[in-house]
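The values are calculated or read from the model by the stated rules, or taken from the named source; none is laboratory data. Since the model is a prediction, treat every value here as computed from it, not as a measurement. When we count neighbours, we look across all protein chains shown, and the Cβ atoms used for this are built from the backbone with ideal geometry, even at glycine. For accessibility, only protein heavy atoms count, side chains too; no ligands or nucleic acids. Shrake-Rupley method; radii C 1.70, N 1.55, O 1.52, S 1.80 Å.
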Amino acid sequence: MAGAADRVREAALDLFADRGFHGVGIRQLADRAGLSSASLYHYMGTKEDLLAAIMRECLGRLLRDAEAAAAAHADPVARVEALVRAHVVSHAERPRETRVVDGELAALSGGPRAEVVALRDSYERVWQDAIDAGAAAGAFTVGSPAVARRALLEMCSGVARWYDAAGPISLEELADLYAAMARQLLGVRPADGPPDGPGHAPDDD
């Protein structure tokens, strides 16, 4: 049986993802976690403390995974593909976390908000560094690396809204498809041909 702290975290994820931070009361959190309102504070501090802790945990894990994926690949194309796969898998497996992290930043104030923003910026910097490296090396033919990074992150995060593990495509296949789409979006240049993107499909024969 999950401990009280774990039950509080799971209750918060469910409720924050479903109703938004400001739509959730302390009594609702306590009821969902199976605790009294008075004892709830022992495990969470304030409601904002709980939200900040969840967001730091989620973004911290994303950042560690991204840094590991980037460090494993010297080639910028392979590096971006690894980042895409890791992001897609994480967001498809944890849709509640995605909704909370992406949708509730404005609920934080002061120091907690600054900490979460710093983690988010560090995560996006890993992506930007990989895209910039590919553009500098001529591997990518993208007009604006910064816009490309934003587009890729939005595209990959979207799986949290629709992916169903019981559906016809496996998560591994989905991650591979998104990696291929990332190559197209970045205009990956094959070693002996034109950019690998829309309008540059190989001949049928």
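Considering only residues that are open to solvent by 10 Å² or more (accessible area, probe 1.4 Å) and farther than 26 Å from Ala114 by Cβ, which ones fall in segment 19-41? Walk me through it before giving the result.
Taking segment 19-41 first, the residues open to solvent by 10 Å² or more (accessible area, probe 1.4 Å) are 19-23, 25-28, 31-32, 34-39, 41.
Scanning segment 19-41 gives Gly25, Arg27, Gln28, Asp31, Arg32, Gly34, Leu35, Ser36, Ser37, Ala38, Ser39.
In segment 122-134, which residues are touching a helix residue (DSSP H, G or I) at 6+ places or on another chain (Cβ under 6 Å) and more than 13 Å from Arg79 (Cα to Cα)?
The answer is Ser122, Tyr123.
Can you tell me which residue among Ala70, Ala78 is within 17 Å of the chain's Cα centre (by Cα) and within 23 Å of Met181 (Cβ to Cβ)?
Exactly one residue qualifies, and that residue is Ala70.
If you go through segment 126-146 one residue at a time, how many are open to solvent by 30 Å² or more (accessible area, probe 1.4 Å) and of a type outside the set (S, T, N, Q)?
First pass over segment 126-146, keeping only residues open to solvent by 30 Å² or more (accessible area, probe 1.4 Å): 129, 132-133, 135-138, 141-146.
Subset that is of a type outside the set (S, T, N, Q): 129, 132-133, 135-138, 142-143, 145-146.
Qualifying residue count for the region: 11.
Give me the helices (runs of 4 or more DSSP H) completely within segment 109-166, filtered to those with at least 2 residues that are more than 13 Å from the chain's Cα centre (by Cα), ordered by residue number.
Numbers: elements: 110-136, 145-157, 159-162.
Qualifying helices (runs of 4 or more DSSP H): 110-136, 145-157.
If I filter segment 25-37 for residues that are at pLDDT 95 or above and in contact with a Phe, Trp or Tyr (Cβ under 8 Å, 6 or more places away or on another chain), do I get at least one hit? Step through it out loud before you land on a result.
Going residue by residue through segment 25-37, those that are at pLDDT 95 or above are none.
No, segment 25-37 contains no residue that is at pLDDT 95 or above and in contact with a Phe, Trp or Tyr (Cβ under 8 Å, 6 or more places away or on another chain).
Step by step: first the residues of segment 1-18, then only those that are open to solvent by less than 40 Å² (accessible area, probe 1.4 Å) and assigned to a helix (DSSP H, G or I), then the one that is nearest to Ser109 (Cα to Cα). Which residue is that? So that I can check it myself, show each step before the final result.
First, pick out the residues of segment 1-18 that are open to solvent by less than 40 Å² (accessible area, probe 1.4 Å): 3-4, 8, 11-13, 15-17.
Remaining after also requiring assigned to a helix (DSSP H, G or I): 4, 8, 11-13, 15-17.
Details: Ala4: 26, Val8: 21, Ala11: 22, Ala12: 18, Leu13: 19, Leu15: 20, Phe16: 17, Ala17: 19 Å.
Taking the candidates together, the pick is Phe16.
Taking interchain pairs and intrachain pairs at least six residues apart, which have beta carbon atoms under 8 angstrom, with the first residue in segment 147-175 and closer than 25 Å to Ala135 by Cβ and the second aromatic (Phe, Trp, Tyr) and open to solvent by less than 30 Å² (accessible area, probe 1.4 Å)?
Correct list of pairs: Ala148/Phe140; Arg149/Trp127; Leu152/Trp127; Leu153/Trp127; Met155/Tyr178; Cys156/Tyr178.
If you check Leu119 against the conditions, is it closer than 30 Å to Gly134 by Cα, in contact with a helix residue (DSSP H, G or I) (Cβ under 7 Å, 6 or more places away or on another chain), surrounded by fewer than 21 Cβ atoms within 10 Å (Cβ to Cβ) and aliphatic (A, V, I, L, M)? Give the steps one after another, and end with the answer.
On the way: closer than 30 Å to Gly134 by Cα: yes; in contact with a helix residue (DSSP H, G or I) (Cβ under 7 Å, 6 or more places away or on another chain): yes; surrounded by fewer than 21 Cβ atoms within 10 Å (Cβ to Cβ): yes; aliphatic (A, V, I, L, M): yes.
Taking the combined requirement at face value, the residue satisfies it.
Please pick out the residue among Leu50, Leu59, Leu13 that is in contact with a Leu (Cβ under 6 Å, 6 or more places away or on another chain) and either closer than 29 Å to Gly134 by Cα or at pLDDT 90 or above (or both). Even if it seems obvious, please write down each step before you answer.
Values: Leu50 fails: in contact with a Leu (Cβ under 6 Å, 6 or more places away or on another chain); Leu13 fails: in contact with a Leu (Cβ under 6 Å, 6 or more places away or on another chain).
From the options Leu50, Leu59, Leu13, the qualifying one is Leu59.
Those residues that are open to solvent by less than 50 Å² (accessible area, probe 1.4 Å) and either under 30 Å from Leu15 (Cβ atoms) or touching a strand residue (DSSP E or B) at 6+ places or on another chain (Cβ under 9 Å) (or both), I need them from segment 82-102; list them, please. It would help to see each step written out before you state the result.
Applying the first criterion (open to solvent by less than 50 Å² (accessible area, probe 1.4 Å)) to segment 82-102 yields 82-84, 86-92, 95, 97-98, 100-101.
Hits for segment 82-102 are Ala86, His87, Val88, Val89, Ser90, His91, Ala92, Pro95, Glu97, Thr98, Val100, Val101.
Is there a residue being modelled with pLDDT of 95 or more and of a type in the set (Asp, Glu) anywhere in segment 106-119?
Scanning segment 106-119 turns up at least one residue that is modelled with pLDDT of 95 or more and of a type in the set (Asp, Glu).
Within segment 20-34, does at least one residue satisfy the condition of being touching a Gly at 6+ places or on another chain (Cβ under 8 Å) and either more than 21 Å from Arg161 (Cβ to Cβ) or outside any helix (DSSP H, G or I) (or both)?
Yes, there is a match, as at least one residue in segment 20-34 is touching a Gly at 6+ places or on another chain (Cβ under 8 Å) and either more than 21 Å from Arg161 (Cβ to Cβ) or outside any helix (DSSP H, G or I) (or both).
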